[in-house]
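Trainee: First the structure, which I've put down as structure tokens, then a few questions once you've had a look.
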Amino acid sequence: DVAQAFAAGDVSRRPTLVAPGEIGDLSTALYRMAGQLGSRLEALQQEEAQLLALIESLNEGIVAVDPRGRIVRINESGRRLLGIRASGQLTVDHLPRDRMLREALDAALHGQPTPGMELRLDDRTLLLTARPLPDRSAVLALYDLTPVRRLETIRRDFVANVSHELKTPLTVVSGFAETLTEEGLPAEQRRQFAETIRVNARRMQRIVDDLLDLSRIESGGWIP
């Protein structure tokens, strides 16, 4: 009865028979085996709990799919990035019907990894990596690039705006400086031109100071 309980996955049973000879030896062996199996099962459960906690703590989305197309593991980030709200047993049919996503998953299920590639899902930009697993399963890793791409757009716009802002005072300074080199220019007019150059130089200095502040912020050296 104890051996059959072990086979059914119940390792809490313990033999209580004490007898001489082979029956007693078998009872002692089963008792020891029950203790070893219980310890190993507890260790595996703890390891699985730690692995689950680790996966759930990731900002990256993790999706594991078995050879039959069933989703055997998906963390909260994966649900959020893929827009999956369904509960219970999930399959690949619950994944977004994006061509690149489906092709990467199919390739991984057939043993072909897919390096990082970008795809658009709704209003998000995701970095997708697909890897095959030894049992012909596959795992998808998804990283949200939306904030990065948004910052890159802001940076490009900022650089373009700064270039435009610098161009105007530079043109003014260059033009008035060239005019000041002319002979016979009245003193009052020279003073006005010099003041205009000074004002535009200060304007450029403020722009340069803003750029230096931005550089310090990005490098972590900003002190309010």
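Trainee: Keeping all protein chains in place and using 1.4 angstrom, which order do ASP25, ASP66, ASP122 fall into by accessible surface area, from largest down?
Mentor: Values: ASP25 105, ASP66 15, ASP122 150 Å².
Of ASP25, ASP66, ASP122, the descending order of accessible area is ASP122, ASP25, ASP66.
Trainee: Near the amide H of VAL72, under 5 Å away, which other amide H atoms are found, from residues 5 or more places off or on another chain, if H is placed in the peptide plane?
Mentor: The list, which skips near neighbours in sequence, is ALA64, VAL65, ASP66.
Trainee: Using a Gaussian network model of the chain with C-alpha springs under 10 Å, which one of ASP93, ASP210, ASP106 is most mobile by mean-square fluctuation?
Mentor: ASP210
Trainee: Compute the angle between helix 99-109 and the longest alpha-carbon principal axis of the chain, please, reported from 0 to 90 degrees and rounded to the nearest 10.
Mentor: 40
Trainee: Compute the FRET efficiency between ALA19 and GLN45 as 1/(1 + (r/R0)^6), taking r as their Cβ-Cβ distance and R0 = 22 Å, and round to the nearest 0.05.
Mentor: Details: r = 33 Å, r/R0 = 1.52.
Between ALA19 and GLN45 the formula returns 0.05.
Trainee: For the range 1-29 and the range 115-143, what is the centre-to-centre distance using only Cα atoms, to the nearest Å?
Mentor: Answer, in whole Å: 48.
Trainee: Suppose each label sits 7 Å from its Cα in the direction of the beta carbon; what would the THR28-LEU133 distance come out to in nanometres?
Mentor: Inter-label distance under the simple model: 4.2 nm.
Trainee: Enter the angle in degrees (range 0 to 90, nearest 10) between the Cα long axis of helix 21-57 and the first principal axis of the Cα atoms of the chain, meaning the one along which they spread out most.
Mentor: 20
Trainee: Here are a few candidate values for Rg/Rh (Cα atoms, Kirkwood Rh): (1) 0.97; (2) 1.30; (3) 1.40. Which one was actually calculated from the structure I just gave you?
Mentor: Evaluating Rg/Rh (Cα atoms, Kirkwood Rh) on these atoms matches (3).
Trainee: Can you tell me the mean projection area, over all orientations, of the convex hull of the range 96-224's alpha carbons? Units nm², please. Let's see the in-between values first.
Mentor: On the way: hull surface 54.2 nm².
For the Cα atoms of the range 96-224, the hull's average projected area reads 13.6 nm².
Trainee: Quick check: pseudo-label points 7 Å beyond the Cα along Cα→Cβ at ALA3 and GLN205, how many nm apart are they?
Mentor: 9.4
Trainee: With angles folded into 0 to 90 degrees, how steeply does helix 146-180 sit against the dominant principal axis of the chain? Use alpha carbons for both and round to 10.
Mentor: The angle comes out at about 10 degrees.
Trainee: Under a point-charge model restricted to the Cβ atoms of Lys and Arg (+1) and Asp and Glu (-1), what is the dipole moment magnitude of the chain relative to its Cα centre, in debye to the nearest 20?
Mentor: Values: 29 positive and 32 negative charges, 59 e Å.
The dipole of the chain has a size of about 280 debye.
Trainee: Springs between alpha-carbon pairs under 10 angstrom, Gaussian network model over the chain: which of VAL148, VAL63, VAL18 fluctuates most?
Mentor: VAL18
Trainee: Give me the number: length gained by fully extending VAL159 to THR146, i.e. 0.36 nm times residue separation minus the C-alpha to C-alpha distance, one decimal in nm.
Mentor: On the way: separation 13, 0.36 × 13 = 4.68 nm, distance 1.99 nm.
Between VAL159 and THR146, full extension yields 2.7 nm more.
Trainee: Quick check for you: with a 1.4 Å probe and neighbouring chains kept, what is the accessible area per residue of the range 42-93, in Å²?
Mentor: Result: 65 Å² per residue.
Trainee: Which residue fluctuates most in the GNM of the chain (Cα springs below 10 Å): LEU126, LEU142, LEU185?
Mentor: Fluctuation is largest for LEU185.
Trainee: Can you send over the carbon and sulfur percentage of the accessible area for the chain, probe radius 1.4 Å, protein chains only?
Mentor: 55
The values are calculated or read from the model by the stated rules, or taken from the named source; none is laboratory data. Just so we're clear, the structure is a prediction, and the values are computed from it rather than from any experiment. So basically every Cβ, Gly included, is an ideal-geometry build from the backbone, and we count neighbours across all protein chains shown. Ligands, DNA and RNA are excluded from the accessible area calculation, which covers all protein heavy atoms including side chains. Shrake-Rupley method; radii C 1.70, N 1.55, O 1.52, S 1.80 Å.
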